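**Q** This is the structure I want to talk about, given as structure tokens.
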Amino acid sequence: MATVTVDCLRKVFATPTGPQTVIDDISFEVADQSFLSLVGPSGCGKTTLLNIISGIEAATSGSVEMKENGQAAKLAYVFQEPRLLPWRSVFDNLMYVQPVQDDAARERVTTALERVGLAHAAKKWPGQLSGGQQQRIGIARAFSVEPDVLLMDEPFSHLDAITARGLREHLQELWAHTRKTVIFVTHDVSEAAELSDRILMLAPGGRIHEDIQVTLPRPRRASDPEVAVLEASVLRRFEDLEAATKNQSAQLHSQTA
């Protein structure tokens, strides 16, 4: 039972113009074996929130707890770029992150590569692979350590639309097989609609604007009518959020003018 609990989380950065709040008293829980997407406009704190959950960034206040059956959960992170070591083979890149490099680790690595359809590329160098293949290796690397919780920060944002679509299908298959608890940051509403059980929409200033439950059957494709309807619904909520943000900015400007 891998759960993530975020309680009263706040993050304030010091800037030349004064303190800037990027996460503002956020609380939520991610259930075991669920797929949560974080969406929102640029600068709303999505990646900062993910980095705090992962431990890369320290919170100003509040707490994050990740538990698996009462113990600290094992975590893996998939970044926007695959971050493969160019001087190591694909297989050795995955072996590099194994806590113990034994026969069991080699079996996990082989299985992970098979699951992303790249077992044949095990002896290749990262530079011999396409961008989409490299990102599949990055995903395989994360799954190879058998994490309880998987964090993903816009892993398909730098890929072309067709490649990203194929990788979303791969990710759905992997998730259906492993049922890891996933927190996925994306700016692509269609991606969130296709992948998620739940969509958490953040507003500028790092507040939760809306918590959207997704009950569409799986597997899903971006071309499914139900996914398109959900995407349109989320986009309308974005438009409402943008309008509210503009109104607040206009009111603040008039008060300070």
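**Q** For the stretch 143-257, what relative contact order do you get, as a whole percent, if you take Cα pairs closer than 8 Å and at least 6 residues apart? Let's see the in-between values first.
**A** On the way: 89 pairs, mean separation 24.0, N = 115.
This gives 21 percent for the stretch 143-257.
**Q** So, one more: Grab every C-alpha pair in the stretch 75-146, bin the distances at 10 angstrom width from 0 up to the longest one, and report whole percents.
**A** 23, 61, 16, 0
**Q** How large is ³J(HN,Hα) for each residue in the stretch 203-208, as worked out from phi by the Karplus curve 6.51 cos²θ - 1.76 cosθ + 1.60 (θ = phi - 60°), to whole Hz, x for Gly and Pro?
**A** Using θ = phi - 60°, the values come out as 9, x, x, x, 10, 7 Hz.
**Q** So what is Rg over Rh here for the chain, counting just Cα atoms and using Kirkwood for Rh? Don't skip to the end; give the middle numbers.
**A** Working: Rg = 19.3 Å, Rh = 19.4 Å.
Result for the chain is an Rg/Rh of 1.00.
**Q** Nearest 20 debye, what's the magnitude of the dipole of the stretch 100-257 about its Cα centre given +1 on Lys and Arg Cβ and -1 on Asp and Glu Cβ?
**A** With Lys and Arg at +1 and Asp and Glu at -1, about 300 debye.
**Q** While we're on this one: Pairs K67/K123; K11/K74; K46/K180: which are spaced more than 29 Å apart, C-alpha to C-alpha?
**A** Values: K67/K123 36 Å; K11/K74 24 Å; K46/K180 20 Å.
Violating the 29 Å Cα-Cα cut-off are K67/K123.
**Q** Let me ask another. So, in nm, how far is label E57 from label A161 when the simple model puts each one 7 Å beyond its Cα toward the Cβ?
**A** Roughly 3.0 nm, to one decimal.
**Q** How high is the relative contact order of the chain, given as a whole-number percent (alpha carbon pairs under 8 Å, six or more residues apart)?
**A** Numbers: 449 pairs, mean separation 65.7, N = 257.
Rounded, it is 26 percent for the chain.
**Q** Going by average Cβ density within 10 Å per residue, which order do the peptides 22-29, 221-228 take, highest to lowest? The partial results should precede the final answer.
**A** On the way: 22-29: 17.5, 221-228: 13.6.
Packing order, densest peptide first, comes out as 22-29, 221-228.
**Q** Report, to the nearest 10°, how far helix 161-178 tilts away from the longest principal axis of the Cα atoms in the chain, using its own Cα long axis and a range of 0 to 90°.
**A** Its long axis makes an angle of about 70 degrees.
**Q** Can you tell which of L113, I139, F156 lies farthest toward the positive end of the dipole of the chain, using +1 and -1 charges on the Cβ of basic and acidic side chains (Lys, Arg; Asp, Glu)?
**A** L113
**Q** Compute the normalised compactness of the stretch 136-227: alpha-carbon radius of gyration over 2.2 N^0.38 Å, N being the residue count.
**A** 1.09
**Q** Roughly what angle does helix 131-144 make with the longest principal axis of the chain, taking Cα atoms, 0 to 90 degrees, to the nearest 10?
**A** 80 degrees
Only the coordinates and a few stated rules stand behind these numbers; no lab work does. Values in this document were obtained by computation on a predicted structure and should not be read as measured data. Don't worry about glycine lacking a Cβ; one is built from the backbone with ideal geometry, like all the others, and counts go over all protein chains shown.
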